[in-house]
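The values are calculated or read from the model by the stated rules, or taken from the named source; none is laboratory data. This structure is a prediction, so every number in the text was calculated from the model and none was measured. Counting neighbours? That spans all protein chains shown, and the Cβs are built from the backbone with ideal geometry, glycine included. Remember, those area values only see protein heavy atoms, side chains included, never the ligands or the DNA or RNA. Shrake-Rupley method; radii C 1.70, N 1.55, O 1.52, S 1.80 Å.
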Amino acid sequence: MSRSKLRPSALITGIALIVVGVLFVRCTADPADSVVAAGPGSHADLVQLFEEWRAFEMPEFVDGVPDYSAAAMARQHAELPQWQLRLNALAPESWPVAEQIDWHLVRAEMNGLDFDHRVRRPWARDPAFYVIMFLAESDVPAHEGSVIHGWVDTWTYDYPLSDADAAELTASIGAIPALLEQARVNLADSNARDLWLAGIRDFAGQARDLDTYGQQVAGTSADLDQAIADARAASEDFSVWLEEGASSRTGPSGVGADNYTWYMQNVHLVPYSWEEQVTLMRRELARSHSSMRLEENRNRALPELERIASAEEYDRRLNESVDLYMRFLEEEEVETIFDYMDPALRAVNGSFSPVEPGELRNFFQEVIYRDPDAFRPHMHHWIELARMREDPHPSPIRAVPSLYNIFDSRSEGLATGVEEMFMHLGLLDDNSPRARELVWIMLAQRAARALSGLNLHGDVFDMEEAVAHAMTWTPRGWLTEGDLVRGEQSLYLRQPGYGTSYVTGKIQIEELLSEYAIQEGDDFTVKRFFDAFYGAGVIPIVLTRWEMIGEKDPILGLD
């Protein structure tokens, strides 16, 4: 049997019921009519609307393939204003703040679909949108970047596969060849060069993933074996097709500074413009570099941190890191401790990866292999995911991940922010002082790549300039893999705001902590802050701020 959590690929086998529901909504009278006539609604009306909205947002499936054709997308966009009217007719201004927050989450999702149709158009511009296979879980509530409906998360299944799961996977993986035939038509007019080139890499990657997965489940089912083989061949052919068309794709891939600002403030609910984010990233880049240099000077007489050298040392130190972190959270009264936290961290420790002397691993492994405690706070991601499973928010709207990566500044901002916050709280005090240098190095890397992504969207950099900038401004030469950097920058092109979310989220959390402390006065404690912060759910920080201090941000009134 598959795991109990919702598996998105299960939508394929139940698609008939979903399509019937969507068609019912689309074929009845104007969905705004009943609510407009009835006057102000209730939170229960919002929850019902939310469930229907999520069905509408998903395209119809034809023979197991989502329909992203030009005609289907034009129909969806034409119907979207009816849903926005229905939402606005609920008139939530008199509701409790917590319920108004849910309303704004739904509004942000509707704005996200509108932006996708007007500007981003991933089904028509972004070949990587059609990647469907995912072998590992993301550390955020949903996939990073745009993802097509009908995706296949192989990590959600139990192995060996049951007959039912094998049949489900056969159907979903078996839809890949037809999906990629549709993609060739949908992408015919795309001129987004950097997105096009990223698609070549991503589909070569999907072919490798299918090969890996095919070996994992070989012999489970002859039909599944054939579906995987066909999907692998189709992915390789699609990558070749992209290569053949690359020379004629010459246009920009970014959304532009003005569109970026609108998207941040109306979809991701981040209260900064493109220009303000450039300023913030420059400031954090300078602050992290200067702080790192000062730490290095203070520690100049100390030996360098040595990398973990064996599997035995790796396992010991990674487990000791979890022990230290959990003890720190409890003894320093940082937040309330729950039983699911320790195993959630321990389960993602990973395993030792050998390298030749002088060879570098990827950037974050270079940090972890020198001192896992410096990176441990970022793994708070996995505590967050465990909390969403074990203690979901009581609101159905907050209990599931928001669409369009609306959660990114909250999720990535927290994981990045607590690295520095917990360092200041004393997490690294018993380690070598040189571990503090690693915290500044990580912040510098994130600010550098964020600036690269902003300048790609603002049409200031091309891809190679963005790659060079991120590599140059990452300390100690640890960001050496050009393909890795291109992959990150392609993600940030595909999902505006994701590259900056690590730092903009951190800044917003720091601002909220200071405001909350002033409001609480003598009653303030770090534990009260973080418990209240987590209790709001994984939602944009302006909404968490509204719930915690009662102040509504001006961007929530923007159109």
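Things to note:
- Here R376 does not qualify as open to solvent by 40 Å² or more (accessible area, probe 1.4 Å) and in a helix (DSSP H, G or I).
- Residue in the range 312-325 that is of a type in the set (S, T, Y), in contact with an Asp or Glu (Cβ under 9 Å, 6 or more places away or on another chain) and farther than 23 Å from S409 by Cβ present: yes
- Checked against the criteria, L135 does not count as open to solvent by less than 10 Å² (accessible area, probe 1.4 Å) and either at positive phi or within 26 Å of the chain's Cα centre (by Cα) (or both).
- Any hit, the range 338-350, residues being aromatic (F, W, Y) and either farther than 24 Å from R389 by Cα or assigned to a helix (DSSP H, G or I) (or both): no
- For the range 269-284, filtering for residues that are open to solvent by less than 60 Å² (accessible area, probe 1.4 Å) and either at pLDDT below 95 or under 19 Å from A257 (Cβ atoms) (or both) leaves 10.
- Inter-residue pairs, beta-carbon under 7 Å, first closer than 23 Å to P475 by Cα and touching a residue at least 24 places away in the same chain (Cβ under 8 Å) and in the range 341-363, second open to solvent by 50 Å² or more (accessible area, probe 1.4 Å) and assigned to a loop (DSSP other than H, G, I, E, B), 6+ apart: L360/T480; N362/E481
- Condition met for R436 (closer than 23 Å to A344 by Cβ, touching a residue at least 40 places away in the same chain (Cβ under 8 Å) and either touching a helix residue (DSSP H, G or I) at 6+ places or on another chain (Cβ under 6 Å) or open to solvent by 40 Å² or more (accessible area, probe 1.4 Å) (or both)): no
- In the range 500-509 there is at least one residue matching the filter, namely being out of contact with any Cys (no Cβ under 9 Å at 6 or more places or on another chain) and under 27 Å from T250 (Cβ atoms).
- Search result, residues across the range 382-408 that are in a helix (DSSP H, G or I) and either open to solvent by less than 10 Å² (accessible area, probe 1.4 Å) or under 17 Å from M326 (Cβ atoms) (or both): W382, I383, E384, L385, A386, R387, E390, N405, D408
- Residue under evaluation W478, criteria (1) more than 30 Å from E359 (Cβ to Cβ); (2) in contact with a helix residue (DSSP H, G or I) (Cβ under 6 Å, 6 or more places away or on another chain); (3) at pLDDT below 95; (4) not acidic (D, E), criterion not met: (1)
- Of all residues in the range 478-537 being in contact (Cβ under 8 Å) with a residue 60 or more places away in the chain and among the charged types (D, E, K, R), the one that is most open to solvent (accessible area, probe 1.4 Å): D483
- Residue match in the range 160-177 (condition: at pLDDT 95 or above, farther than 23 Å from V62 by Cβ and within 26 Å of the chain's Cα centre (by Cα)): no
- For the range 141-156, taking the residues that are of a type in the set (V, I, T) and part of a helix (DSSP H, G or I), the one that is surrounded by the fewest Cβ atoms within 10 Å (Cβ to Cβ) is identified as T156.
- Of the residues making up the range 57-65, one or more are under 25 Å from N259 (Cα atoms), open to solvent by less than 30 Å² (accessible area, probe 1.4 Å) and either modelled with pLDDT under 95 or not charged (D, E, K, R) (or both).
- Taking the conditions (1) crowded, with 23+ Cβ neighbours inside 10 Å; (2) within 20 Å of Q76 (Cβ to Cβ); (3) not small (G, A, S) in turn, H117 satisfies each one other than (1).
- Taken over the range 285-301, the criterion of being open to solvent by 30 Å² or more (accessible area, probe 1.4 Å) and either acidic (D, E) or under 22 Å from the mean Cα position of the chain (by Cα) (or both) is satisfied by E296 alone.
- Sole exception among (1) over 18 Å from L558 (Cα atoms); (2) open to solvent by 30 Å² or more (accessible area, probe 1.4 Å); (3) free of Cβ contacts under 8 Å to residues at least 40 places away in the same chain; (4) of a type outside the set (S, T, N, Q) for E93, by number: (1)
- Positions within the range 222-259 being of a type in the set (A, V, I, L, M) and either open to solvent by less than 70 Å² (accessible area, probe 1.4 Å) or over 20 Å from A171 (Cα atoms) (or both), in sequence order: L224, A227, I228, A229, A231, A233, A234, V240, L242, A246, V255, A257
- Residue check, D371 more than 27 Å from P496 (Cα to Cα) and acidic (D, E): yes
- When residues of the range 538-554 are limited to those that are among the β-branched types (V, I, T) and part of a helix (DSSP H, G or I), the one surrounded by the most Cβ atoms within 10 Å (Cβ to Cβ): I541
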